[in-house]
Amino acid sequence: MTEHDDLALRATGLGKRYRRGWALQDCDLALPRGTVAALVGPNGAGKSTLLHLATGLLRPTTGHVEVLGRPMPRAGIDPKLAFLAQDKPLYRGFTVEGMLRAGAALNTSWDAGYAAQLVDRGHLPRAAKVATLSGGQRSRLALALALALARRPELLLLDEPLADLDPLVRREVMAELMGAVAETGMTVLLSSHVLTDLDDTCDHLVILARGRVQLAGDIDTLLAGHRVLTGPAHQAIGHIPSEVIVGIETTTRQATVLINDPALLPGPDWISQPATVDDLVLAHLRTAAEQDAGDRAVLGQSA
Amino acid sequence: MIQFRVDRSSGTPTYVQLIQQVKQALHMGLIGVGDQLPTAKDVVAATAINPNTVLKAYRELEREGLVEPRPGAGTFIRRSLAHPDAGIDAPLGVELAAWARRAADAGLGREDAEALAKAVIDRTF
């Protein structure tokens, strides 16, 4: 037990360098128990690396991770942690029933009753082969296996659980997941590059870009701390202090500015509106992309 | 028991929508003292929202003294917001229904009627 017992996941100065360069750098993150956190960012931002480091299966180059208030076990993964990788770990030739039996045979902490319950709730045909299941059915089966694996995990890590799913199935899978959260109070960290549906299902947001955490925190608190201003483009520079500007978009006449000072109103010509999760994510990703382009331009000049 | 609806495009945080819907149901007298609110699990099953959002809304209602959690049983209404004269079947409601009927007969659409009612209310209060 440590002083951070109320945290499900804590990363300090976490970094991972591969031969091609840093995939993740200076990552500090604290995820309170019971939160459902979205890890968003473009492809290559370091999302999968962060999740793999959190499982302990990947060793960090710098810093360290604590899971459920305790340091990483020397071997294997924490018994109360479950991880569902992006390439869902299902054998295409197995039937649903076969996957359940394999899960029971391969894992000492298997909750067979819970697995069966989740499979039946998802109306998954027991005799059907994995290869014949739809994308949504496969997601539900993989989720059921992950949840049963750690005998109702306290921390569930999901890498892109919603990719390749149509909107209806995405909602069904999220409903299943939220049901499990309501039942068990577990903490969830899920990565996604799809923003839709995250507003209602996640209470924490972690924005990752260029291998660094750009913004992290409770979504309602983050939203309350930001506003979107709309006003005349020629007033944007000068009327709004540059240190509160998170993102800015201008046409010839109008400027839309995301600011992190909720009380600021630059003048009578400006309208201030509440920010959305989309506003926060897009502004941070756009700024990171511009920095990326800037770095490349500097490299180009020096070459 | 009330059923929550979540409007994803409203721009209002989901937990605020839940609070507003409980208060509205209290104002309308649809739920009263002693009635139980749906459990987080029930709300999640119906709406696919995060159970923490439901708990956050209930905590806020508790802070305002409107509901009380009973361990192991659920969350129950403690105080009503219903005004005895604000029911749809009370005299004022019946008069308003007659007014709405006349507005419809006069050819006003729903939006016309709502805008007119709102303008009058805004001028009065």
**Message:** If I take R0 = 35 Å and measure r between the Cβ atoms of A:ALA297 and B:GLN20 in this structure, what FRET efficiency does the formula 1/(1 + (r/R0)^6) give, to the nearest 0.05?
**Reply:** 0.10
**Complete:** The pairs in A:LYS88/B:LYS56; A:LYS16/A:LYS47; A:LYS47/B:LYS41; A:LYS16/A:LYS88; A:LYS16/A:LYS80 lying past 22 Å Cα-Cα in this model are A:LYS88/B:LYS56; A:LYS47/B:LYS41; A:LYS16/A:LYS88; A:LYS16/A:LYS80
**Request:** Nearest 100 Å² is fine: how much accessible area is buried between B and A, summed over both sides, with a 1.4 Å probe?
**Result:** 1200 Å²
**Item:** Square roots of five times the Cα gyration tensor eigenvalues for chain B, Å
**Value:** 32, 18, 13
**Request:** Taking only protein heavy atoms into account and a 1.4 Å probe, give the accessible area per residue of region A:1-152 in Å².
**Result:** 49 Å²
**Complete:** GNM of chain B, Cα pairs under 10 angstrom: of B:THR53, B:THR12, B:THR39, the biggest fluctuation goes to B:THR12
**Charge dipole of the protein assembly as shown about the Cα centre (unit charges at C-beta), most positive-ward option of A:ALA115, B:ILE77, A:ALA275** = A:ALA115
**Helix runs (DSSP H) in chain A reaching 20 Å along axis by Cα, Kyte-Doolittle at least -1.0** = A:135-149, A:167-184, A:277-302
**Request:** Return the single residue from A:GLU97, A:GLU290, A:GLU154 with maximal mean-square fluctuation; model: Gaussian network over chain A, springs between Cα atoms under 10 Å.
**Result:** A:GLU290
**Request:** Would you please give the residues with an amide H less than 5 Å from that of A:THR61, counting only those at least 5 places away or on a separate chain, with H modeled from the backbone geometry?
**Result:** A:GLY15, A:LYS16, A:ARG17
**Prompt:** For the protein assembly as shown, taking Cα atoms only, what is the radius of gyration to one decimal and the Dmax to the nearest whole Å?
**Reply:** 25.5, 83
**Item:** Computed [θ] at 222 nm, deg cm²/dmol, the protein assembly as shown (DSSP H ≥ 4; -39,500 (n - 2.57); rounded to nearest 500)
**Value:** -12500 deg cm²/dmol
**Asked** Rolling a 1.4 angstrom probe over the protein heavy atoms, how many square angstrom per residue are accessible across region A:154-303?
**Response** 46 Å²
**Message:** For a quick check, take a GNM of chain A with Cα springs below 10 Å and name the residue from A:GLY46, A:GLY122, A:GLY93 with the largest mean-square fluctuation.
**Reply:** A:GLY93
**Request:** For every other residue with a beta carbon closer than 15 angstrom to the beta carbon of A:GLN273, add +1 if it is Lys or Arg and -1 if Asp or Glu, then tell me the sum.
**Result:** -4
**Item:** Tensor-based shape of region A:73-203 (alpha-carbon gyration tensor, a/c under 1.5 rounded, otherwise prolate or oblate)
**Value:** oblate
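The values are calculated or read from the model by the stated rules, or taken from the named source; none is laboratory data. As the structure is a computational prediction, the values presented were derived from the model and not from experiment. Quick reminder, even Gly has a Cβ in these numbers, built from the backbone with ideal geometry, and neighbours come from all protein chains shown. With ligands, DNA and RNA removed, areas are computed over all heavy atoms of the protein, side chains included. Shrake-Rupley method; radii C 1.70, N 1.55, O 1.52, S 1.80 Å.
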